[in-house]
There are 2 protein chains.
Amino acid sequence: MPELRRDLVRDSWVLIATDTALKPRDFPINKNGIEVNSNGALCPFCEGNESHTTAELASLRKDNSLPDTPGWLIRTVTNKYSGFKLEGELKLSETGIYQSCNGLGQHEVIIETPEHNVEFHHFSVEKIKEVYEMLKARYNLLADDERIKYIQIYKNRGLFAGASLEHSHSQILALPLVPKNRPGIEAYCKKEGRCLICDILNEERKSGKRVVIENRDFIVVCPYASRFPYEAWIIPTRHAEHFGEISDEELMSLSEITANFLQEMVRCLNDPSYNIIINSAPINCAYNAGYHWYIEIIPRLIINSGVEITTGIYMNPVAPEIAAAMFRENMAE
Amino acid sequence: MPELRRDLVRDSWVLIATDTALKPRDFPINKNGIEVNSNGALCPFCEGNESHTTAELASLRKDNSLPDTPGWLIRTVTNKYSGFKLEGELKLSETGIYQSCNGLGQHEVIIETPEHNVEFHHFSVEKIKEVYEMLKARYNLLADDERIKYIQIYKNRGLFAGASLEHSHSQILALPLVPKNRPGIEAYCKKEGRCLICDILNEERKSGKRVVIENRDFIVVCPYASRFPYEAWIIPTRHAEHFGEISDEELMSLSEITANFLQEMVRCLNDPSYNIIINSAPINCAYNAGYHWYIEIIPRLIINSGVEITTGIYMNPVAPEIAAAMFRENMAE
């Protein structure tokens, strides 16, 4: 089992693999480029290769086929590399000044399609809705486990977004602790008595400068303090803490706006690597009010340098007003 | 002038370029790889191309040659892309719920050598010492300006470390505010009454598991909660807050241990991209005790995925005990 170790300097946590270790030769990149995995290698996410993943936790099948056999449309398995296990209780250990806890949690992979060369941004609205439905079902199931305190849904597409496999997939990481990554959410609500994300939504509608598109239930904006060039957020206009609370109607309009924006983003930015990240409130623990779920869509056009990885202060060469205007113009055509 | 915008969600700052904006085609990477700049392009950091940089702020010249002409060994100029300017005062502006301040500060590039194909890890101990001396002189000069609150020294080597130019260089970013990236430093000292880095040093010496090498004034360890595989820190054994306080004797032993470790690291990890980062205390403002300067050496073998960029929880597939043992064994040979 891996360990979650406390980073005393940054007051954060790091997941450290302790059972296995990658050797230097296991990393595909060097200073000049990437040795892309040969296309001949077997893809564990392709239909017919079900035995190369862990056992199926859930799937969407319309043909009554059996688990771990072909016939699926979406398939959820555990991520076999991270080593999180949802067994036993959280145990904090101390060694001298250091603290760690066991890798209690669950790390799931949602294989979004049996087809190797069809990507998320190629999907129809109906297909995107089926993926979101699977994510919602897994989110709510994991949230029922009292030991889980936070659930991060994310997608890595392309090498520069940290993907190790090409085949289209998303991931769900259910953690036994709450990351301290968004302290401003609770602080703002405590100070102002209002939800920060609702206030951002109002502010953006008022100025219009950073709004890309809006539909019945969602708005797409390039955030005021975008960390990444051409970053965009999809914000639900109804205040709700958890992605798992999304209604069926909202799922449909989320799927529409996702398909619409993502196709254009991939076209405008010349087929970039990208992350899609769903942020929700903590669960099964005490926390202050102010959370409002939202989605970050992050094209990975530049690689974080020493200054970003140490200070956390990002340098963004594209103002979000310019990014939003470009997306707006292209989507209006 | 660029803007520093407050990220209300993360309680951090982002530097946003507002005068110019990169277009999608200006980014060299797409999902599959990198279009490396053609080698035929003129390198602004090569000897003879001095007119392609901003005016020289400082240089090491042994031949009495004039500024901005050939004959230099090390040359410091401003980074012309970030747009920081050390002029006027810090002005905080508010627009609705948002806050920003002007890009008051200085961003310097230290061109470490006139030769294009000689890299930092190829340098002799004497040459490394000359680079560190330049960094020390610039650090102390910038620290004399009351408007500067924090100085980050860093080096990006290779595409995966965020370098945009191949020619060997370091950077100094002098900021008008203190990043909140290391809250554990002050908190630990407040709680325990001791310096965290001194305690880490003692703990590591006691266990020995994560120690790589030690010399008269410095120790190299792979930190307990390493965020990156094969990450290492060079820690001065004498407690001092600022890199600028380093003595001439210590500069010599730092140069020795840097050359020694870095050559081995680059060899063991098959010529990786890497960052070298020098962390010091804040300056010209009130802060709590506990800072102790140290250097992070970070090979960039993997690209941060969606989970790292959003939660700040890193997944490291190589335990630091294993990394340290590998470096130790190779260095003993």
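Taking the stretch A:303-330 only, how many residues are in a strand (DSSP E or B) and in contact (Cβ under 8 Å) with a residue 40 or more places away in the chain?
Going through the stretch A:303-330 one residue at a time, the tally reaches 2.
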**OP:** Using the structure shown, decide if B:R227 is out of contact with any helix residue (DSSP H, G or I) (no Cβ under 9 Å at 6 or more places or on another chain), in contact (Cβ under 8 Å) with a residue 12 or more places away in the chain and under 30 Å from A:L22 (Cα atoms).
**Re:** no
**OP:** Identify all residues within the stretch B:257-293 that are closer than 17 Å to B:F243 by Cβ, more than 14 Å from chain A (Cβ to nearest Cβ) and at pLDDT 95 or above; write none if there are none.
**Re:** B:I257, B:T258, B:I283, B:N284
Subject >> Residue selected from the stretch B:4-23 under the condition modelled with pLDDT of 80 or more and surrounded by fewer than 19 Cβ atoms within 10 Å (Cβ to Cβ), by the criterion farthest from the other protein chains (Cβ to nearest Cβ) >> reply: B:K23
Subject >> Positions within the stretch B:198-222 being at the interface with another protein chain (Cβ under 8 Å from one of its Cβ atoms) and touching a Phe, Trp or Tyr at 6+ places or on another chain (Cβ under 9 Å), in sequence order >> reply: B:D199, B:I200, B:E203
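Is it the case, given these coordinates, that B:N284 is closer than 18 Å to B:G158 by Cβ, out of contact with any helix residue (DSSP H, G or I) (no Cβ under 6 Å at 6 or more places or on another chain) and of a type in the set (S, T, N, Q)?
For B:N284, the condition - closer than 18 Å to B:G158 by Cβ, out of contact with any helix residue (DSSP H, G or I) (no Cβ under 6 Å at 6 or more places or on another chain) and of a type in the set (S, T, N, Q) - is not met.
Looking at the stretch A:59-86 only, could you name the residues that are among the hydroxyl-bearing types (S, T, Y), at pLDDT 95 or above and either surrounded by fewer than 16 Cβ atoms within 10 Å (Cβ to Cβ) or closer than 19 Å to A:L165 by Cα (or both)?
Within the stretch A:59-86, A:S65, A:T69, A:T76, A:T78 qualify.
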**OP:** Output yes when any residue across the stretch B:289-302 is without any contact (Cβ under 8 Å) to a residue 60 or more places away in the chain and over 19 Å from the mean Cα position of the chain (by Cα), and no when none is.
**Re:** no
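Could you tell me which of the residues B:L201, B:L173 is surrounded by 20 or more Cβ atoms within 10 Å (Cβ to Cβ), part of a helix (DSSP H, G or I), of a type outside the set (D, E, K, R) and in contact with a strand residue (DSSP E or B) (Cβ under 7 Å, 6 or more places away or on another chain)? Break it down stepwise before answering.
Details: B:L173 fails: part of a helix (DSSP H, G or I).
Testing whether each residue is surrounded by 20 or more Cβ atoms within 10 Å (Cβ to Cβ), part of a helix (DSSP H, G or I), of a type outside the set (D, E, K, R) and in contact with a strand residue (DSSP E or B) (Cβ under 7 Å, 6 or more places away or on another chain) leaves just B:L201.
This table checks each residue for (1) part of a helix (DSSP H, G or I); (2) within 19 Å of B:F120 (Cβ to Cβ); (3) among the small types (G, A, S).
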{"position": "B:P223", "(1), (2), (3)": "no, no, no"}
{"position": "B:L262", "(1), (2), (3)": "yes, yes, no"}
{"position": "B:I277", "(1), (2), (3)": "no, yes, no"}
{"position": "B:Y291", "(1), (2), (3)": "no, no, no"}
Subject >> Residue list for the stretch A:176-198, filter: in a loop (DSSP other than H, G, I, E, B) and within 30 Å of A:G83 (Cβ to Cβ) >> reply: A:P176, A:L177, A:V178, A:P179, A:K180, A:N181, A:R182
Subject >> Selection within the stretch A:57-86 - in contact with a strand residue (DSSP E or B) (Cβ under 6 Å, 6 or more places away or on another chain) and not in a strand (DSSP E or B) >> reply: A:L57, A:G71, A:N79, A:S82, A:F84, A:L86
**OP:** Would you be able to tell me the number of residues in the stretch A:24-49 that are within 23 Å of B:G158 (Cβ to Cβ) and either acidic (D, E) or modelled with pLDDT of 80 or more (or both)?
**Re:** 5
Subject >> Every residue from the stretch B:95-151 that is within 17 Å of B:R75 (Cα to Cα) and charged (D, E, K, R) >> reply: B:E108, B:E112, B:E115, B:E119, B:E126, B:K127, B:K129, B:E130, B:E133, B:K136, B:R138
**OP:** Please state which one of B:G290, B:G306 is touching an Asp or Glu at 6+ places or on another chain (Cβ under 6 Å) and more than 20 Å from B:I128 (Cα to Cα).
**Re:** B:G290
Subject >> Conditions (1) at positive phi; (2) crowded, with 18+ Cβ neighbours inside 10 Å; (3) of a type outside the set (V, I, T); number of the one not met by B:D271 >> reply: (2)
Original post:
Counting only residues that are farther than 20 Å from A:I276 by Cα and not aliphatic (A, V, I, L, M), how many does the stretch A:292-307 have?
Top reply: 2
**OP:** Kindly indicate whether any position in the stretch A:238-245 is crowded, with 22+ Cβ neighbours inside 10 Å, part of a helix (DSSP H, G or I) and within 9 Å of chain B (Cβ to nearest Cβ).
**Re:** no
Original post:
Taking B:I283, is it touching a residue at least 24 places away in the same chain (Cβ under 8 Å), of a type in the set (A, V, I, L, M, F, W, C), under 21 Å from B:A161 (Cβ atoms) and in a loop (DSSP other than H, G, I, E, B)?
Top reply: no
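The values are calculated or read from the model by the stated rules, or taken from the named source; none is laboratory data. Quick caveat: nothing in here was measured; it's all calculated off a predicted structure. Don't worry about glycine lacking a Cβ; one is built from the backbone with ideal geometry, like all the others, and counts go over all protein chains shown.
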